[in-house]
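**Q** Here it is, the structure, as structure tokens.
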Amino acid sequence: MSIRDQRTLARLGRQSVSRPERAETDAQQAARQGDVVNQVEATEELSDVPDSESSLFALCVLGLAGIATLGWICAFAWIAWRLAAWVLS
């Protein structure tokens, strides 16, 4: 066994968790997960579908933002083109 293996085993020996402690930790985690909203309640809350008008409004706003973004990109490209033409002339 190399010195490196011995150091690793020594380090693991200090940090190791025995099996019963690990089982208790898993049991505690399972108990805590039971406190969270169960899937049936979450499905009932998600069944309310918002009006399609709000989705249409959101799509229109995103479309306008996309058009504005393309406008800025084109403006910067035009400025870069004119600056390159001026430098090279």
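**Q** Scanning for something open to solvent by 100 Å² or more (accessible area, probe 1.4 Å), at pLDDT 65 or above and small (Gly, Ala, Ser), does the range 19-41 turn up at least one residue?
**A** no
**Q** Are there any pairs with C-beta distances below 6 angstrom linking a residue in the range 64-89 that is without any contact (Cβ under 8 Å) to a residue 60 or more places away in the chain and of a type outside the set (Gly, Ala, Ser) to a residue that is assigned to a helix (DSSP H, G or I) and surrounded by 10 or more Cβ atoms within 10 Å (Cβ to Cβ), with the two at least 6 apart or on different chains, and if so which?
**A** Hits for this filter: zero, empty list.
**Q** Give the number of residues within the range 64-89 that are among the basic types (Lys, Arg) and loosely packed, with under 10 Cβ neighbours inside 10 Å.
**A** So in the range 64-89, the residues among the basic types (Lys, Arg) come out as 82.
Applying the additional criterion that residues be loosely packed, with under 10 Cβ neighbours inside 10 Å yields none.
Number of matching residues: 0.
The values are calculated or read from the model by the stated rules, or taken from the named source; none is laboratory data. Fair warning: this is a prediction, and the values are worked out from it, not measured in the lab. Positions of Cβ are generated from backbone atoms using ideal geometry, with glycine treated the same way; all protein chains shown enter the neighbour counts. Just the protein is used for accessible areas: all its heavy atoms, side chains included, with ligands, DNA and RNA removed. Shrake-Rupley method; radii C 1.70, N 1.55, O 1.52, S 1.80 Å.
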